[in-house]
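*Asks:* One structure coming up, written as structure tokens, with questions to follow.
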Amino acid sequence: MIKGLRFGLRAQLLLSASFLLAVPYLGYQYVWELESYLRLGQEQTMVGTARAVATALHERPQLFDSQSAFLKDVKEGRDLYAHKIDSPIRLDGQLSDWSEYRHLMLDYGENNLINPSEQYRLDSLSFKHMVGQYGDFLYAVFEVQDDEVVFRARNSLDVDRNDFLQIGLSLPDDSFKRFIIAPFESQWVNAYLLDGQDRPATLERKIQGQWQISPTGYNIELRLPLDYLNGQIAFAISDVDSIETRTVKYTIGTADPTQVDELGTVLLPSPQIEQIIKGLEYANSRVWVVDKHRRVLARSGDIQKQVGFEQRTDLNTSNNIEIEWTLNGLWRVVEQDILLPLYYRVLTRPPNQFVDELRDAFALVGQDLESALQGTPNTLWRLSSDNKAVILSAAHPIFIDGQVMGAVVVEQTTNGIRTLRNKALEQLFHFILAIVVVGSLSLLLISTRISNRIRKLRNETENAIDSNGKIKASMTPSMQNDEIGDLSRTFVNVLSRLSQYNVYLENMASRLSHELRTPVAIVNSSLDLLALDPRADDAEVYVTRAQDGIKRLSTILTKMSEATRLEQTIQHSELEKFDLLALLTGCIEGYKLAHSQRSFELKTDAKKCLVNGNPELFAQMLDKIISNAVEFSELDSTIFVNLVMHSQHADLFISNKGQLLPNKMTAELMDSMVSVRSEKHQATSSSGNTEAHLGLGLYLAKMISEFHHARLEIQNQSDLSGVVVSVKMINLWAD
């Protein structure tokens, strides 16, 4: 951490709260995952829709055109597709009614020459052509580029010595007929039926149209009834450039109209299939039915329609003004003007409009369709050409006599799913934003309260101790039942114990002074008497007294350092298995010899007590306890040693009859240099001098019991006849 930079508790909690920002990300990822499942569900639904439509078309060959759908292959330009026309065409030769269909026109040129006899020149003859259906009529248009337009001579009976249009048809009765259109000028035209010698026989008024000169050549618009067709047709335009010779220079056509076997086909959208799938136009999807050559037989629906939830607009402007100052109105303003614009920096709205490149398609391509035409249903995800919309298509094969005769293709955008996703994310972001704001404010308030309490605790602690480390005031414990309350109460307890320890240190100085003053005085007085009369008869007595005083000083110093040495011994001691019962038996036999004025009795039901510990240290602890019991017991009394066995531990009780413990001193007696001995309980040496007692016995015993993970307690007996010392929870040896 940078030196001097303070990073407080509130800052830390707010930094921790910043991890709440991961919640929006997780929610965002969850909704995206949900969207993927919704897309999978949409995909399965689309396949089911395609399967249902295909089921209605299976084994119904009458729904397919017999002249084109059953061909092995079709050729562009020869096999024509009659596009749906939205309104009837006015036959005026101006081509204005075809403007929105011009992109569907096919170019005819060198590759479409029929029996060429001269080197082809593009500027001499070419044309654009298409056919369309409206109602019960088939319309055809030719936009011809011809550098020399030669009309039929008015006094000529020949119809093939000028520019002309030839039509070959297969009629519903399977007969083959040829027609020719050769006008005298730009005019309304009808077709002439040709006889076997290629001469005009009769005028066919069912085939009618307009031949109109244009700046680059001429335009031809034709109309003929659909019931006049049997699915096979061919158009060919012949070009004559010389008025003198009037010989045909080129003939360009969709197919050779003079040969019935060379006729091409014209595919008309099936009204029966359209009737079957018409109801699907309300399903916000688009359905295609194509033949095995991928040409469209029928189409229904529009994928430009939006799917999903719409914004509620049930509140008008006046209502908005009325609720402007309400909580609901305020929330709407915040949501619409602040939150949603912020959200939609990440989200994308489904487009209202996008480029639909298949809007006027008459043939489809795609991996899904190819798979369906092979007999396997499949799906395909694709982007619109302007990359605004994601379009899902599902294709299912149509079977007739076990053969794939076509396929059903169902298309739908993901706008509905995206709208649903956006709605879900809006609500999710609302809740997450509320959680983040409320959570951050809550953490800020909590951290402020905690920091204030900690600061108060710090101030109380600083005020309780002066600059010299002396405790000058007490602390008030907190009543709050939490960690800071526990810390406050612990500080109060620690401060109380420190205060007692300071009192103990102060008393220890006087106690040491009291203990040291007597031996020092004995040594000084003995030395002074020896100095006055070194040859006196009682000089030996003075020397003995001085030696006793020195021994007493040595004993005091030894006992003061005993605790330190014992700590070091404990640190280097290892636990081992030993029989506690045998140890007690041996020690008690020794105590009987050492303390003949007391009786010792061992009580236990155990025959063996294997414990985990250190026998030498345990014996030292027992010595300290027995020593106290002997000193505070009455003469000729019995000291009882009781060993109680439990399943996993043992308890040891040592009781004696004699002086009781002072009130409220049971805990302090096991502290260092605490003693309650009176003069009559002071032990004396062999010379009659009183031995020093610094109150270290039970303190050392406590240290040894803690090493054995046991608990040492001392208290008055229940009948107030004496004192009992207990060593509880002595761990047994685990085999």
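The values are calculated or read from the model by the stated rules, or taken from the named source; none is laboratory data. The structure presented is a predicted model; accordingly, all values stated were derived computationally and were not measured. Using ideal geometry, Cβ is built from the backbone for each residue, glycine included, and neighbour counts are taken over all protein chains shown.
*Asks:* Sort out which residues of region 356-380 are at pLDDT below 90, surrounded by 13 or more Cβ atoms within 10 Å (Cβ to Cβ) and either within 32 Å of the chain's Cα centre (by Cα) or assigned to a loop (DSSP other than H, G, I, E, B) (or both), and write them in order of number.
*Replies:* 356, 358, 360, 361, 362, 364, 366
*Asks:* I'm trying to understand the selection: among the residues of region 586-638, which are out of contact with any Asp or Glu (no Cβ under 8 Å at 6 or more places or on another chain), among the aliphatic types (A, V, I, L, M) and over 19 Å from residue 653 (Cβ atoms)?
*Replies:* Across region 586-638, the qualifying residues are 593, 594, 617, 635.
*Asks:* Also, I was wondering about something else. Can residue 172 be described as assigned to a loop (DSSP other than H, G, I, E, B) and closer than 18 Å to residue 239 by Cα?
*Replies:* Criteria not met by residue 172.
*Asks:* Related question: From 169, 138, which residue is crowded, with 20+ Cβ neighbours inside 10 Å, closer than 22 Å to residue 204 by Cβ and under 60 Å from the mean Cα position of the chain (by Cα)?
*Replies:* Within the list 169, 138, the selection yields 138.
*Asks:* Across region 385-433, what is the number of residues that are closer than 25 Å to residue 374 by Cα, surrounded by 15 or more Cβ atoms within 10 Å (Cβ to Cβ) and among the charged types (D, E, K, R)?
*Replies:* 1
*Asks:* Follow-up question, since we're still on this one. Here are 263, 268: which of them is within 21 Å of residue 133 (Cα to Cα), surrounded by 17 or more Cβ atoms within 10 Å (Cβ to Cβ) and out of contact with any Pro (no Cβ under 8 Å at 6 or more places or on another chain)?
*Replies:* Every option except 268 fails the conditions.
*Asks:* Hey, another quick one. Whether any residue in region 659-669 is modelled with pLDDT under 90 and outside any loop (DSSP other than H, G, I, E, B) is what I want to check.
*Replies:* For region 659-669, residues modelled with pLDDT under 90 and outside any loop (DSSP other than H, G, I, E, B): present.
*Asks:* Look through 151, 164, 179 and report the one residue that is farther than 28 Å from residue 232 by Cβ and either touching a Cys at 6+ places or on another chain (Cβ under 7 Å) or modelled with pLDDT of 90 or more (or both).
*Replies:* It is 151.
*Asks:* While we're on this one: Give all pairs with beta carbons closer than 7 Å in which a residue from region 465-488 that is over 18 Å from residue 500 (Cα atoms) meets a residue that is part of a loop (DSSP other than H, G, I, E, B); count only pairs at least 6 apart in sequence or on separate chains.
*Replies:* Short answer, once both residue conditions are applied: 484/478; 485/478; 485/479; 488/477; 488/478.
*Asks:* Right, here's the next one. Assuming residue 714 fulfils every condition listed in (1) surrounded by fewer than 17 Cβ atoms within 10 Å (Cβ to Cβ); (2) at pLDDT 85 or above apart from one, which condition is it?
*Replies:* (1)
*Asks:* Right, another one. Would you please name the residue that is nearest to residue 25 (Cα to Cα), looking only at residues in region 443-459 that are free of Cβ contacts under 8 Å to residues at least 60 places away in the same chain and surrounded by 13 or more Cβ atoms within 10 Å (Cβ to Cβ)?
*Replies:* Per the stated criteria, the residue is 453.
Residues are listed down the side, and each one gets a yes or a no for (1) over 24 Å from residue 224 (Cα atoms); (2) surrounded by fewer than 16 Cβ atoms within 10 Å (Cβ to Cβ):
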residue: 82; (1), (2): no, no
residue: 89; (1), (2): no, no
residue: 99; (1), (2): no, yes
residue: 121; (1), (2): yes, yes
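*Asks:* Please identify the pairs in which a residue from region 244-268 that is part of a loop (DSSP other than H, G, I, E, B) has its Cβ atom under 8 Å from the Cβ atom of a residue that is among the hydroxyl-bearing types (Ser, Thr, Tyr), counting only partners at least 6 apart or on another chain.
*Replies:* 254/108; 263/170
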